[in-house]
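Enquirer: Please see the structure below; I have some questions.
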Amino acid sequence: MSDNAMATDRPARFRDVFAVGQFRILWLAHVQSRIGDQLARVALSVLVYDRTGSPAWTALTYAMTILPNLIGGALLAGLADRFARRAVMVIADVVRAVLVAVMALPGQPIPVLVALLFLVQLPYAPFSAARNAILPAILAGDRMVVGVAVLRTTDQLGLVLGIGVGAALVGGLGIQTTLVIDAVTFAVSAVLVSWGVRAHRPSGAGGPPGSPGMWWGSLRAGLRLVVADRRLRALVALACVNGCYIVPEAVAVPYAAQLHGGTAAVGWLLAAIPAGSVVGMLVLKNVRPGWRLRLMGPLAIVTCAVLLPTGWAPVLAVSVLLWALSGMFSAHDMVVQATFVRIVPDASRGQAIGLASAAMQTAQGVGIVAAGLLAQVRTPAVVVAVAGLVGVVAAAVAALSWVRAVRGDHATSTWGCAGM
């Protein structure tokens, strides 16, 4: 199917996506992996705090669930372009299962547990890159956008429910048992992928054997690809705007305190954005593909703009509504991701996805750190408003860059941007 046909065809439905057997398996494997990620995060945080009583060690443990994704996105995602993508996914899950099983052994020193958690998170980047690189091969036309929406909805629901479920398991079954369950989830994911997904060998597979030159060559090739294509640069810029609209989550606790709210207020605020995102994706998937592309930039701007009134620290109900609206409009990111994956050539898709993911997570990290520093001298409400203002400017620049890139490549009709 041509891109033009994809842009004018009716929106795909969930049943169209789940009718594809390989996608059903990938989704089930994704569910298992996300469950495993949440269980590891909660169980290790509780274990480290119980043993040390140190917020610093606990924070470091949590950071070990994020930092490896930056390294893996740049250095390991290219594996999805060198080897059969099914094999990359299976090996990544087997490695994680073994490492988590080692973590479950009683009496592990805290530094060893933190190091193991770092290693457990590293394979996520090649796993995710391989999975996303497979999507265009199994989901034709608009089904790929809906497939991305399904995966992202699963992630958001995992954020809303995962911490509570993980804490309940840790409390009811104990930390070691929870980690054993975590290892089993990764093993189940490996079995599912091995059984239900075809090999999907990329066109770049079978090249020179692994070496430092190969790794850096793959990284350079991915960088050149993204930097040289104005459309890809604009899409990465749009994705990186989330470094601004993630700020409310980073300051939710002090913001709730500013509103004189307690633990319940924190819960409502933290749940608002992912819950809104789920609603937004369900709505946006029903919009015609061409209109989704037209709305991608404006929605990125509105995602940040609705955070501006937070600067006046409105009552809890209004604040939750504003944050939920920001989450709802952030559903545009599923269109950004699907369009990026569709544009990138298959031979470099894994590496390009990894680099884009690393850039996005770097933007999130910078946004969170900057918000924390600003919160030392300004109220949390002002911090969120400033993040919203910066995001509006960044999103506007990125959206304009996208339109100019598409028109400059004489692809206006192909990408549905006429009249933007």
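Enquirer: Taking θ = phi - 60°, what integer Hz values does the Karplus form 6.51 cos²θ - 1.76 cosθ + 1.60 yield along region 75-88, in sequence order, with x for Gly and Pro?
Expert: 9, 10, 4, x, 4, 5, 9, 9, 10, 3, 5, 4, 4, 4
Enquirer: For Y255, Y245, give the ranking by accessible area with the largest first, probe 1.4 Å.
Expert: If we order Y255, Y245 from most to least accessible, we get Y245, Y255.
Enquirer: Follow-up question, since we're still on this one. Along region 352-361, what does the Karplus equation 6.51 cos²θ - 1.76 cosθ + 1.60 (θ = phi - 60°) give for ³J(HN,Hα), rounded to whole Hz, x for Gly and Pro?
Expert: Here the 3J(HN,Hα) series is 5, 4, x, 5, 4, 5, 5, 4, 5, 6 Hz.
Enquirer: Across region 286-301, in residue order, what do the Karplus-derived ³J(HN,Hα) couplings come to in whole Hz, using 6.51 cos²θ - 1.76 cosθ + 1.60 with θ = phi - 60° and x for Gly and Pro?
Expert: Taking θ as phi minus 60°, the curve returns 8, 7, 4, x, x, 5, 4, 5, 5, 7, 3, x, x, 5, 4, 5 Hz for region 286-301.
Enquirer: Report the FRET efficiency, 1/(1 + (r/R0)^6), for I110 and V180, where r is their Cβ-Cβ distance and R0 is 30 Å, rounded to 0.05.
Expert: Values: r = 19 Å, r/R0 = 0.65.
Efficiency computed from Cβ-Cβ geometry: 0.95.
Enquirer: Between T154 and A101, how many nm apart are label points set 7 Å from Cα along the C-beta direction?
Expert: 2.3 nm
Enquirer: What share of all Cα pairs of region 324-385, in percent, falls into each consecutive 10 Å distance bin?
Expert: Here the calculated profile for region 324-385 is 18, 33, 30, 15, 3.
Enquirer: Would you mind working out the accessible area per residue for the chain, using a 1.4 Å probe, and quoting it in Å²?
Expert: On the way: 17220 Å² over 420 residues.
In whole numbers, the chain has 41 Å² accessible per residue.
Enquirer: Still on this structure: For every helix of n ≥ 4 consecutive DSSP H residues, a contribution of -39,500 (n - 2.57) applies; sum these over the chain, divide by its total residues, and give [θ] at 222 nm rounded to the nearest 500 deg cm²/dmol.
Expert: The helix contribution divided over the chain gives -25500 deg cm²/dmol.
Enquirer: Quick one: Kirkwood hydrodynamic radius for the chain, alpha-carbon pairs, angstrom, one decimal? Before the final figure, lay out the partial values.
Expert: Details: mean 1/r = 0.0454 Å⁻¹.
Across the chain, the inverse of the average 1/r is 22.0 Å.
Enquirer: Moving on. Heavy-atom accessible area of C240 with all protein chains present, probe 1.4 Å, nearest 10 Å²?
Expert: Solvent-accessible area, nearest 10 Å²: 40 Å².
Enquirer: Here is a further query. By average Cβ neighbour count within 10 Å, what is the ranking of 223-230, 139-146 from highest down?
Expert: Per-residue Cβ counts within 10 Å, averaged per peptide and sorted highest first, yield 139-146, 223-230.
Enquirer: Would you mind getting me the FRET efficiency between R220 and R342? Use the beta-carbon distance for r and R0 = 22 Å, nearest 0.05. Walk me through the numbers on the way to the answer.
Expert: Working: r = 23 Å, r/R0 = 1.05.
Efficiency, from the Cβ-Cβ distance: 0.45.
Enquirer: What is the extension gain from R201 to R404, computed as 0.36 nm multiplied by their sequence separation minus the C-alpha to C-alpha distance, in nm to one decimal?
Expert: Between R201 and R404, full extension yields 69.7 nm more.
Enquirer: Say each of V397 and V20 gets a label point 7 Å from the Cα, pointing the same way as Cα to Cβ; how far apart are those two points in nm?
Expert: Taking the two extended label points, one gets 3.5 nm.
Enquirer: Considering just Cα atoms, how many Å³ per residue does the convex hull of region 278-408 enclose?
Expert: On the way: hull volume 14.8 nm³, N = 131.
Cα-based convex hull of region 278-408, divided per residue, equals 113 Å³.
Enquirer: Still on this structure, I have one more. Given the protein chains as shown and a 1.4 Å probe, how many square angstrom of F14 are accessible, to the nearest 10?
Expert: Solvent-accessible area, nearest 10 Å²: 70 Å².
The values are calculated or read from the model by the stated rules, or taken from the named source; none is laboratory data. Just so it is clear, the structure is predicted and the values come from calculations on it, not from any experiment. Please note: Cβ atoms are built from the backbone with ideal geometry, for glycine as well, and neighbour counts cover all protein chains shown. Surface areas here come from the heavy atoms of the whole protein model, side chains and all, with no ligands, DNA or RNA. Shrake-Rupley method; radii C 1.70, N 1.55, O 1.52, S 1.80 Å.
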